[in-house]
Amino acid sequence: MTGLTRRQLGLFTGASALALTLPTYLRAQGKPRVVVIGGGAGGATAARYIAKDSDGAIDVTLIENSDVYTTCFYSNLYVGGFRTFESITHSYDGLQSNYGITKVTGMAVSVDRDAKTVTMADGASIAYDRLVVAPGIDLIWDSVEGYSEELSEAAPHAWQAGPQTQILKARLDEIENGQQILIVAPPNPYRCPPGPYERASMMAHALKTKGLTDSKVIILDPKDKFSKQGVFQEGWEKHYPGMIEWYGPDVHGGIGAVDVGAGVVETDLDTFKGALLNIIPAQKAGGIAVSAGLTDDSGYCPIDAASMRSTLDDAVFVIGDASIAGDMPKSAFSANSQAKVAAMAIRSDLTGSKLFPARYANTCWSLIDTDDSIKVGAQYEPGEGKIASTHGFVSQMDEADAVRKTNYEESAGWYAGITADMFG
């Protein structure tokens, strides 16, 4: 191997499939290497900014198990009939052609943090100098008694976008007037705090549009309150009177077992029956973060608030839903913001570029009905041991229609902007 000519070495390093199989010592002779696991709002953004802002000085590999990415954010608008499935599905081609990022389609199954390698399901090993872990969430199936991954085909969660989103939409389209939909909301912390309640709104919108106003969406919640509760409930009364009911634990007394075949959810109060069950279980960091030893007892990954660097490994950064991000919610906006902070820290580590103070932001928009969107958000900085909110805002009750319409237009512009920011 030491007898390779410069031309032969170039042929090896220029072919991504062969590069995965090269010995670590040979690949180490080139540029510093960053491997990013997960191609969502955090991972894709981090890969792009590391490659773009290092001007090719860092070799970036993005590992994602799918050829395309369907956004969980904005997927409720597909359920409600405001977007097509194609409009929330995006290609990685721009990251490869515009920024020289190597996209590996496959499943990362383990990380050897001592050897600094990622092992793929096909046995290939990819070496790194810095690793970005952005796997999103995994569902804790047994957190809802009677539910399982197998049963999610009949009672979709749709909390990981793609086929599950399409199943939920198809099942919603089958609802007949007078039938009920049951949503079992997840406990904190979970991806997209306002998400279950926007979903209820979009389901009610779809039903109302077809004249199915005798149907109901019933939310059974383990929490005693939820994000933007007042403005959501005001909107439900305005647009969908009698169509959406929310029951917290002080009313239902506790959620028991589900029987997907019978279409029922048991609670201490009553047994609820639905033609469609949308079960959203409790959540934890994606499996690769767990197997890599990056989580703590919470099931999520502790990070340094100034950089998103894992507190358990200086060579690893954890961004997005898998991280413990203090006051920041688990959202696409948060992940995108965290990715830019991590990318800056990684470039500083590997190229000596200037490191600026970390600043974070988040906004979450939720559509209730046509041109009626509400929002919540904040600015954040590193605080004492966590990312801390420095300024926040939330939609108010009795806002003018023009304000809510502007919110929706703002959210549509944000969606176009963030997906361009992610995928180049």
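The residues of region 60-164 expose on average 41 square angstrom of accessible surface per residue, using a 1.4 Å probe on protein heavy atoms.
Quick check: at a probe of 1.4 Å, how many percent of the accessible area of region 290-361 sits on carbon and sulfur atoms? All intermediate terms of the calculation are to be shown ahead of the outcome.
Working: 1330 of 2550 Å².
The computed percentage sits at 52.
The loop-placed trypsin sites (Lys or Arg not before Pro) in region 157-211, going by DSSP, that have at most 15 neighbouring Cβ atoms within 10 Å of their Cβ come out as Lys210.
Taking every DSSP bridge with both residues inside the chain, close to 55 percent are antiparallel. Rolling a 1.4 angstrom probe over the protein heavy atoms with all chains in place gives region 253-362 an accessible area of 35 Å² per residue. Stretching Asn177 away from Ala388 to a fully extended chain increases their span by 71.3 nm, per 0.36 nm per residue minus the current alpha-carbon distance. For region 286-292, backbone phi angles converted through the Karplus equation (6.51, -1.76, 1.60; θ = phi - 60°) give residue-by-residue couplings of x, x, 5, 5, 5, 5, 7 Hz, Gly and Pro being listed as x. When every alpha-carbon pair in region 55-196 is counted, what percent end up more than 20 Å apart? That tail contains 61 percent of the Cα-Cα pairs. Once you divide the Cα radius of gyration of region 146-203 by 2.2 N^0.38 Å, the number left is 1.15.
Pulled fully out, how much extra length does the chain show between Asp296 and Val109, if you take 0.36 nm times their separation in residues and subtract their Cα-Cα distance? Intermediate results must be reported in sequence, preceding the final value.
Details: separation 187, 0.36 × 187 = 67.32 nm, distance 1.92 nm.
Additional length available on full extension: 65.4 nm.
Find the centroid of the Cα atoms in region 270-311 and in region 315-331, then give the distance between the two in whole Å. Spelled out, the Cα-based centre of one part sits 11 Å from the other.
If you take the Cα atoms of region 99-147, find Rg, then find the Kirkwood Rh from the mean of 1/r over all pairs, what is Rg/Rh? Rg divided by Rh gives 1.12. Taking only protein heavy atoms and a 1.4 Å probe, the accessible area of region 102-159 is 45% carbon and sulfur. Temperature 20 °C, viscosity 1.002 mPa s: under these conditions the Stokes-Einstein estimate for region 265-424, based on its Kirkwood radius over C-alpha pairs, is 119 µm² per second. Spin-label model, Thr119/Glu150: points 7 Å from Cα along the beta carbon direction are separated by 2.9 nm.
Select from region 83-188 those GluC sites (Glu not before Pro) which occupy a DSSP coil region and have at most 14 other Cβ atoms within 10 Å, ordered by residue number.
Values: sites: Glu86, Glu145, Glu149, Glu150, Glu153, Glu174, Glu176; in loops: Glu145, Glu149, Glu174, Glu176.
Passing sites in region 83-188 are Glu145, Glu149, Glu174, Glu176.
Per DSSP H run of n ≥ 4, the term is -39500 (n - 2.57); total these for the chain, divide by its residue number, and report the mean residue ellipticity at 222 nm rounded to 500 deg cm²/dmol. That calculation yields -9000 deg cm²/dmol at 222 nm.
Out of the DSSP beta bridges found with both residues in region 113-262, what percent are antiparallel (nearest 5)?
Values: 3 of 12 bridges.
Among the beta bridges of region 113-262, antiparallel pairing accounts for roughly 25 percent.
With the convex hull drawn around the C-alpha atoms of region 231-291, the volume per residue stands at 162 Å³.
Between Lys210 and Thr311, the contour length at 0.36 nm per residue exceeds the Cα-Cα span by 31.2 nm.
What base-10 log of the normalised intensity I(q)/I(0) is obtained for region 160-272 from the Debye formula, alpha carbons as equal point scatterers, at q = 0.14, 0.16, 0.18, 0.20 Å⁻¹? Values, matching the q order: -0.58, -0.78, -1.01, -1.25. Seen from every direction in turn and averaged, the convex hull around the alpha carbons of region 38-123 projects onto 6.8 nm². Close amide H partners of Asn278, meaning residues 5 or more places away or on another chain with modelled amide H under 5 Å apart, are Leu182, Ile183, Val184. Counting only protein heavy atoms and a 1.4 Å probe, region 369-408 has 57 square angstrom of accessible area per residue.
The values are calculated or read from the model by the stated rules, or taken from the named source; none is laboratory data. Worth saying up front: this structure is predicted, and the values here are computed from it rather than measured. No Cβ is skipped: glycine too gets one built from the backbone with ideal geometry, and neighbour counts run over all protein chains shown. Remember, those area values only see protein heavy atoms, side chains included, never the ligands or the DNA or RNA. Shrake-Rupley method; radii C 1.70, N 1.55, O 1.52, S 1.80 Å.
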